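The values are calculated or read from the model by the stated rules, or taken from the named source; none is laboratory data. Bear in mind that the values here come from a model prediction, so they are computed numbers and not experimental data. We place every Cβ from the backbone using ideal geometry, glycine too, and count neighbours over all the protein chains shown. The area values use the complete protein model at the heavy-atom level, side chains included, leaving out ligands, DNA and RNA. Shrake-Rupley method; radii C 1.70, N 1.55, O 1.52, S 1.80 Å.
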Amino acid sequence: MREQLLSVQRQTGITPKDLEVPDCPQSMVSILNIFYELSSTRQSGMSLNPIAWGDIMAYCSLTDTRLEKWEIDTIRALDRIFLEVFAPKDSE
């Protein structure tokens, strides 16, 4: 769907309403960047695996970063959404 909307945008120069998204709040940029870094190193086998607690701990140790509980909770929530979106869909 997104590719079709991007194609329409390229052909017409008009951004379809479904492509218009609000800007990311500045307060979320650092958490999103951490999520992207962790996500890019996630393990996968037959399917994508969630970001492991050990991976979060290793990230914090290696980058000398102290995450608050709410930040970890937010990263884990983003990961659940990511896995839900990218999980293979069962054929009905």
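Looking at the chain, the trypsin sites (Lys or Arg not before Pro) that sit in a DSSP loop and have at most 16 other Cβ atoms within 10 Å of their own Cβ are ARG42, ARG66, LYS89. Let me check I've understood the local charge: for ARG2, count other residues with C-beta under 14 angstrom from its C-beta, Lys and Arg +1, Asp and Glu -1. What total comes out? Residues near ARG2 contribute -1 overall.
Rolling a 1.4 Å probe over the protein heavy atoms of the chain, with every protein chain left in place, gives an accessible area that is 56 percent carbon and sulfur. Per residue, the accessible area of the chain comes to 81 Å² when a 1.4 Å probe rolls over the protein heavy atoms.
Over 16 Å apart: what share of the alpha carbon pairs of region 4-72 falls there, rounded to a whole percent? Mind dumping the intermediate values first?
On the way: 1469 of 2346 pairs.
When every Cα pair of region 4-72 is considered, 63 percent fall beyond 16 Å.
In degrees, nearest 10, range 0 to 90: what is the angle between the Cα axis of helix 26-40 and the longest Cα principal axis of the chain? The angle comes out at about 80 degrees.
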